[in-house]
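To start, the structure under review is shown below, and the notes come after it.
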Amino acid sequence: MQTIADERKPWTHEFMTHTEISEDCLYLNVWTGAKAAGEKRPVYVYIYGGGNTEGSGAVPVYDGEGLAKQGVIVVTVNYRLGVLGFFTHPGLTAESENHSSGNYALLDLIAALHWVHQNIAAFGGNPDRVTIGGQSAGASNVHSLVASPLAKGLFHGAIAQSGSNVNTLSSTTGRTLADQEKTGVAFAEAKGAHSVADLRKLSWKELTAPVTGLTARFGPVVDGYVEPAPAGEIFAQHKQNDVPTLTGCNLHDLGGASPRPATTADAFQKQAAQRYGENAADFLKLYPAANDEQAKTSQNDSAVDSMRASMYLWAATRAKTAKTKSYTYFWDHTMPGPDAGQYGAFHTSEVPFVMNTLYMSDRPFTDADHKIASMMSAYWVNFIKTGDPNGKGLAHWASTADQPGMTMELGDKAAAIPVTGSKEKLSFFEGVLTRPRTTSASR
């Protein structure tokens with residue numbers, strides 16, 4: 001297993017470390033402040049991000065001490081990635097008593113949750129008060145576990161950072177086993193392997209080496225076993241693991257605003273036509289682009305509104321069958337440093353504040369940053385303990401059911417804000433984002 005520094009992220013050299021790659025990666029780490037086995041502290045099982053192709057539970061930003069000091073037990077867990085974690089092939093499906101292949105990474109995570117359930121009491125933990133959480137691909141995997149019957153009863157709360165949108169609960173979204181098996185066959189043939197037996201003759205290094213000219217992205221698949229159906233169908237039938245859920249997105253997240261928007265009026269108008277078709281004129285009324293400066297503003301405003309609206313629609317779709325509450329947030333604090341203006345509140349930037357691990361970096365954090373980390377980690381710890389982020393000394397965070405049309409702004413401020421800039425904008429995105437999809441592929 002390896003964590004690969006991403007040059008697009010200004011903090012990776014501080015918080016992320018290179019580690020050796022190995023197929024022998026199924027380890028977990030436990031942080032506990034308990035002094036006796038019977039303390040029954042709430043447990044947080046954290047699932048790292050990295051596109052399901054890279055990552056490790058041992059990287060510095062995921063250090064569990066910052067949360068463990070606040071009365072919870074933190075577990076970070078490794079799982080197989082890329083082709084080792086999600087490879088599908090008709091030969092593997094035929095071998096399986098469950099008639100499935102792929103989703104080995106999710107099975108790793110489920111196995112880890114079983115381990116926690118069986119062993120965490122020895123560390124002073126409560127197996128009946130486990131919350132799973134993750135960011136980016138980790139958040140996606142959290143959603144997969146919420147939809148999986150194999151994880152039933154193994155957790156009691158879920159946190160998904162930068163991983164919830166309306167398509168998460170679409171009845172047509174999800175890689176099908178048949179489609180992914182075709183990808184698996186193409187990948188195997190490119191490796192010179194004409195059968196599963198041929199594949200097993202390859203070393204793991206040969207297996208994971210990139211294939212020139214072939215794009216094969218492996219990820220969770222609707223296999224009929226770990227994931228019996230698309231998440232939307234699972235939720236529609238109220239067969240999900242119905243647990244309180246906390247989720248959110250960042251100002252400069254993937255698909256969000258840019259600290260330095262570079263569009264022009266002409267480019268923005270063309271993009272609107274391509275993206276919204278017959279609805280482009282309505283879009284441009286709400287987000288005008290009469291000149292380049294106006295286009296830059298509209299680009300950022302529409303990106304943020306679309307992102308938050310999609311998250312809100314996820315919560316609304318979830319609420320149709322869920323009996324538990326959901327809480328959504330919008331992170332907008334910029335991490336300090338010489339590149340702050342370039343990156344802003346970027347994808348993953350909330351993690352060290354949530355995990356309360358500012359001590360793992362030598363960035364010029366101020367008292368204000370430490371106060372924000374105290375606030376963010378307190379919200380997360382409260383949710384891990386009770387399924388509700390609220391607690392003494394914190395601004396009230398209403399659930400989506402209790403305050404429709406609003407989300408919680410977190411960062412320099414902590415306050416409820418509208419999901420979009422106006423009701424008309426929310427209505428527009430409700431219309432375009434909930435149109436029937438014509439493809440079953442997911443990104």
- line: Kirkwood-based Rg/Rh on the Cα set of the chain evaluates to 0.96
- request: Write out the trypsin sites (Lys or Arg not before Pro) in the stretch 22-77 meeting two conditions: DSSP loop, and at most 11 other Cβ atoms within 10 Å of their Cβ.
  value: Lys35
task: Would you mind checking which residues have amide H under 5 Å from Tyr44's amide H? H placed 1.01 Å from N; only 5 or more apart, or other chain.
output: Ile73, Val74, Val75, Thr131
- line: The Cα radius of gyration of the stretch 250-435, divided by 2.2 N^0.38 Å with N its residue count, comes to 1.12
task: Specify the inter-centroid distance of the stretch 286-323 and the stretch 374-390, based on alpha-carbon positions, in whole Å.
output: 27
query: Which loop-located trypsin sites (Lys or Arg not before Pro) does the stretch 337-408 contain, where loop means any DSSP state but H, G, I, E or B and the Cβ has at most 16 other Cβ atoms within 10 Å?
result: Lys392
- prompt: If you average the sequence gap of Cα pairs under 8 Å that are 6 or more apart and divide by the length of the stretch 1-243, what percent do you get for the contact order?
  reply: 22
Sorted largest first, extent of the stretch 1-243 alpha carbons per principal axis (Å): 55, 44, 32
- line: Residue-normalised 222 nm signal for the chain, counting each DSSP H run of n ≥ 4 as -39,500 (n - 2.57), nearest 500 deg cm²/dmol, is -10500 deg cm²/dmol
message: Taking 35 Å as R0, compute the FRET efficiency from the Cβ-Cβ separation of Asn291 and Gln342 and round it to 0.05.
response: 0.90
query: What's the center-to-center distance, using Cα atoms, between the stretch 27-51 and the stretch 137-190 in Å?
result: 24
- prompt: Gaussian network model of the chain, Cα springs within a sub-10 Å range: biggest mean-square fluctuation belongs to which of Asp108, Asp24, Asp332?
  reply: Asp24
field: Cα centre as origin, Lys/Arg/Asp/Glu Cβ charges: the stretch 250-435 dipole, Debye
entry: 660
Label-point separation, Leu394 to Ser258 (7 Å along Cα→Cβ), nm: 3.5
message: Give me a comma-separated list of calculated 3J(HN,Hα) values for the stretch 337-348, in order, Karplus coefficients 6.51, -1.76, 1.60 applied at θ = phi - 60°, integers in Hz, x for any Gly or Pro.
response: x, x, 9, 4, x, 7, 10, x, 8, 7, 4, 5
field: Percent RCO, i.e. relative contact order, over the stretch 246-382, from Cα pairs under 8 Å lying at least 6 residues apart
entry: 31
task: Please state the charge dipole magnitude for the chain, taken about the Cα centre, from unit charges on C-beta atoms (+1 on K and R, -1 on D and E), reported in debye and rounded to the nearest 20.
output: 820
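None of the figures in this text is laboratory data; all of them are computed from the coordinates on show. From a predicted model like this one, the values you see are computed outputs, not experimental measurements. We place every Cβ from the backbone using ideal geometry, glycine too, and count neighbours over all the protein chains shown.
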